[in-house]
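**Student:** Sharing a structure here in C-alpha cells format.
Nothing in this text is a laboratory measurement; each read-out follows from the coordinates by a stated rule. Small disclaimer: the values here were computed from a predicted structure and weren't measured. Note that we place each Cβ from the backbone using ideal geometry, even for glycine, and neighbour counts take in every protein chain shown.
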Amino acid sequence: MAERAVELNPGHLRAQNNLAYCYLNIGDEGRAYERYQHILTIDQYHCNARYHLGLLESNRGSLEEARTHLKKVSESCYNHRKSVELMRKLGLY
C-alpha cells in the first residue's frame, strides 16, 4: 500500500517517509536507507528522514555519520527529543 502511494504521488514526502519506515520495520535497512536519502534530496531539513538515517548509521557502526545526521536534526527541528536521546545513548552528545 505504501509503495502504491509513492507510485501515485512520488513527490509526496509523507508517503515517501511512510514507505521508508515500512522498509525499516520489515528489516530492509538498505531500501529504507535509500528512501530516506531520496527524501533528503527533496527536503534536506526533513526531520524524520534525517533522524532515521542517523539511527541506521549508528546500527551500521558509522558513528560520525550518525552524529552528523542527529546533530542536524536536533538543530533544525528544535532539539528533536529522540535524536538528542540517541546521541546521548551513543555517547555522541
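**Student:** No partner Cβ under 4.7 angstrom, meaning no disulfide-compatible partner by this rule: which Cys of the chain qualify?
**Tutor:** C22
**Student:** State whether region 6-56 is rounded, prolate or oblate according to the following rule on the C-alpha gyration tensor (a ≥ b ≥ c being the square roots of its eigenvalues): a/c under 1.5 gives rounded; otherwise a/b larger than b/c gives prolate, and the remaining case gives oblate. All intermediate terms of the calculation are to be shown ahead of the outcome.
**Tutor:** On the way: a/c = 1.98, a/b = 1.15, b/c = 1.73.
It is oblate, given that a/c is not under 1.5 and a/b is not larger than b/c.
**Student:** Additional query: With a/c under 1.5 counting as rounded, go ahead and sort the chain into rounded, prolate or oblate using the C-alpha gyration tensor (a ≥ b ≥ c being the square roots of the eigenvalues; past the cut-off, prolate if a/b is larger than b/c, else oblate).
**Tutor:** Numbers: a/c = 2.41, a/b = 1.64, b/c = 1.47.
Here the chain falls in the prolate category.
**Student:** Relative contact order (percent) for the chain, with alpha-carbon contacts under 8 angstrom and 6 or more residues of separation? Spell out each step's value before the answer.
**Tutor:** Details: 98 pairs, mean separation 15.5, N = 93.
17 percent.
**Student:** Taking the Cα centre of the chain as origin, sum charge times position over the Cβ atoms of Lys and Arg (+1) and Asp and Glu (-1), and report the length of that vector in debye to the nearest 20.
**Tutor:** Details: 13 positive and 11 negative charges, 69 e Å.
Result for the chain is approximately 340 debye, rounded to the nearest 20.
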